[in-house]
Structures are given as structure tokens and as C-alpha cells.
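The values are calculated or read from the model by the stated rules, or taken from the named source; none is laboratory data. Treat the numbers as computed from the prediction; the structure is a model and nothing was measured. No Cβ is skipped: glycine too gets one built from the backbone with ideal geometry, and neighbour counts run over all protein chains shown.
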Amino acid sequence: MTFSSELKKELTLMPATTGTLMALVRMNGSLGIGRQLTLSIPTENSAIAQYIYKALNELFELRAELQVYQKSNLSKNRVYNVFLEENVSDLLSELAIADSLMLDSGIPEIVKEDELLQADYLRGAFLSSGTISNIEKPNYQLSIRNVYQEHAQDLMSLLKNYGLEAKVTEQRGRYLTYLTQAEQIADFITLIGAMSSRLEFENQKIVHEMRGLANRQSNFQSANISKTVEASQQVIKAIQDLAENDELPTSYIKLAQLRLDYPEASLMELGKMHDPILSKSAVNHRFRKILELAKDFQK
């Protein structure tokens, strides 16, 4: 199960609220006009369907029908449809989300004016069409898909009320309201009340940071090793050139032999092997002198 699925599962275990139901009906619902007005609220998540069913019953004493059907012949996904045909007009009026026989395209004004409703509405919006990209990778993104641009912009405004720097973009005919900063995604998860998921998100974030630190240290060490090997090869070449022409100073022969015998050893390690012991700076000074002598000899 993905992190988004686990998060939504946690949210459906919370008490039903009017604000959450507002968002679910507004974003997932569709009206049917026949002998009487009907409301259909489809979802591919059975827990969300049961949450909507329970919310209608507990908050408004409405008895809906829970329908289940296959999405298509080529798909294994089931669609769960919460179908209501009693007192639909009254429900829409109570939820303040319909104008005549059409669901409003934006967020109800009552939500914009009530901070308590805002957090609940955001919870419902995430349940409806929210997702968080694979948290096992460092490129985080939380997004909520909207049919209408007005609704996407309204969601962005709600999020900014809480200091969350949301943005809106168009993608395949839909509008995404999204966050990309890990800290702000964590704050959003807290805002909608999913504390267990918040802890899991933070744990994964720490894992990413530790892996990143380990990779940087490994790259740094590899770079240092490469530099050490390259410098060692230059000194070895200089020693060989001077030795072949009897130009290597007698006082440097012992250290030069150590470098030839231990090409991967560090300057400090070579200094400790030398008799008498030499400091790192002393070894470095002698090697620089050897390089200078070899360069002068080649001229």
C-alpha cells in the first residue's frame, strides 16, 4: 500500500465532519435529474465510500445506497458509488455547495470564512483526489487534482492561510494544487489530523537526509582518494626519472623507496613508516622538492 493510501485510510478512521463531506460531495459528486434529484459520489477507495456513507447517515440522518461495479472490461479496479435519492436538495443547501441544479465550481464562502471548516475541507479535498509522490524518493510533491480552475485557486488560498506556499498548474485538462517542500507537506498532514502519517513521513525524510549525507561523504572521500592517487603517480614518475639518471638526492632515497613500495599510502602514513619519523608537512615538502628536481632535469 502506498503512503497516500495509508494516509487516506487514517483519515477515514477519523470522525465524520460537515467540512470534510462538503469537499467530497463538491469534488466527487454529480447530480442526476429525473423524476427527482439524485446525488452520486463515486470513488475507487472502499474506505472513502464507507466514510461518505457513514457521514451522510450520522450528520444528516440520510440513508444512501452503496453501489459497487467494475470500472471497465479492461480494468480490475472497482468503483464504489454512494448513491442518494432522498432529500438531495436539502443536503446541497445544508452543505452550501450547489447553485440551482449545478454544483458550484469554487469553495463555498462559508468555508472561506470559517477556520474550523477550512481544515476539515482540506481533509476532504485530499481524500477526494489528493496524492503524495513516493516518499521513498527525495523529490516530494503533494497534489490535489481539481476539475475547475476556480476550485484549485481557492484551495491554494486556503493553504496560504496556513502559511503553506501552494501553487496551481494545469495538467491534462485538470488543475493541480500542489506543495513541494517537505516541511510544508508535513505541516499539511498535521493540519488535516493524520498524526501517524506525519511521523512516518518525518521518518522517511530523516532516512533520505542520512542517505544523502552518506553519499556526499562517499563522493568526498572518493575525490580525495583520486587526488591522492594522482599525486602519488606524479611523485613516482619523478622518482623513477631521477633515479634512472642518478639525480635523486641521497637524503631522499629512503622516502622515495617507501613511496614506490606503498603507492596508495597517505603522506601521514609514509611519514610514520620513515626512520626517523617525518611529519606530514615534511613528507610533502620532500615530494615537492623531488617534483621540482625532475622538472628541472627534464629541461
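What the table shows:
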read-out: Unmet requirement for E65, which otherwise passes all of (1) modelled with pLDDT of 90 or more; (2) under 30 Å from Y162 (Cα atoms); value: (2)
read-out: Odd one out for L66 among (1) closer than 17 Å to I192 by Cα; (2) surrounded by fewer than 18 Cβ atoms within 10 Å (Cβ to Cβ); value: (1)
read-out: Residues located in region 172-184, provided they are assigned to a helix (DSSP H, G or I) and touching a Lys or Arg at 6+ places or on another chain (Cβ under 9 Å); value: A182, E183
read-out: Selection within region 185-202 - small (G, A, S) and either outside any helix (DSSP H, G or I) or within 12 Å of the chain's Cα centre (by Cα) (or both); value: A186, G193, A194
read-out: Residues (of a type in the set (F, W, Y) and either touching a strand residue (DSSP E or B) at 6+ places or on another chain (Cβ under 8 Å) or without any contact (Cβ under 8 Å) to a residue 40 or more places away in the chain (or both)) located in region 33-69; value: Y53, F60, Y69
read-out: Subset of region 120-157 [small (G, A, S) and surrounded by fewer than 17 Cβ atoms within 10 Å (Cβ to Cβ)]; value: S157
